[in-house]
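First comes the structure, then the notes that go with it.
Please treat every number below as a calculation from the coordinates, not as lab data. Note that the structure is a prediction, hence the values are computed from the model and not measured. So basically every Cβ, Gly included, is an ideal-geometry build from the backbone, and we count neighbours across all protein chains shown.
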Amino acid sequence: MASHAPDAQNSHSTENLNVVNTQQQQQTAEESRQVAEESRQSAENLRQIAEESRQSEEKYRQYTEQARQATEQAREHAEIARQATEQAREHAEIARQYAEIARQEREEQQEILKEMRSSVEQMLQKQNQEIEELKQELEITNRELTTALMAPIVSFEEAKALASRILKSEKSATAESLADQLTAIYGLKVNPEELK
């Protein structure tokens, strides 16, 4: 009987060891499952992070493309603005040149008008002087003719001879005016050629 006691103890110990081993195995399996679950979750997290990173990279790429397009548009707008500024500068220069030409033409016209006015004034002054001289000469001629006509009545031929002498001595008298006066006085037609 004594020889069976150690076997029983060994069997009991083996069972205990088996139970412990089973528990440890179960615990190890549970830990392995937990580790596997954590690994799976970590992998899922990594996948999500990678997806988010990919989406972020795509958004960054889109933002970069939009920024590139915006930069290109800004460059095009800047070029358009530069060209518009250049055209405005050219138009301003053309307008300045036209204004300068107009100013020069206006000054030339003013100078021409000034010269024309001076010329007209001189011409009017000369004409007024000639008119005044003609008036004086006409008065002299009238006085002389009146004096001659107030003298004792002379014949028509003598009057013609007197008119001829007046015409030759006074450049202001004209043959036509003397001929008209003789015609009026004597009632006989006198031609200017007869007095020359």
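Quick notes on this one:
- Net lengthening on full extension, Q136/A102 (0.36 nm per residue, minus Cα-Cα): 7.3 nm
- Distance between the pseudo-spin-label points of Q129 and I185 (7 Å out from Cα toward the beta carbon): 3.4 nm.
- Set of aspartates and glutamates with alpha-carbon distance to K196 below 17 Å, sequence-local pairs under 8 removed: E157, E158, E170, E176, D180
- Annotation: aspartates and glutamates with alpha-carbon distance below 15 angstrom to K114 (same-chain offsets under eight excluded): E105.
- With R₀ fixed at 45 Å, the C-beta to C-beta distance from S119 to A81 puts the FRET efficiency at about 0.20.
- Gyration tensor verdict on region 71-156 (Cα atoms; rounded if a/c is under 1.5, prolate if a/b is larger than b/c, oblate otherwise): prolate
- Over the Cα atoms of the chain, the radius of gyration divided by the Kirkwood radius equals 2.19; this is the Rg/Rh ratio.
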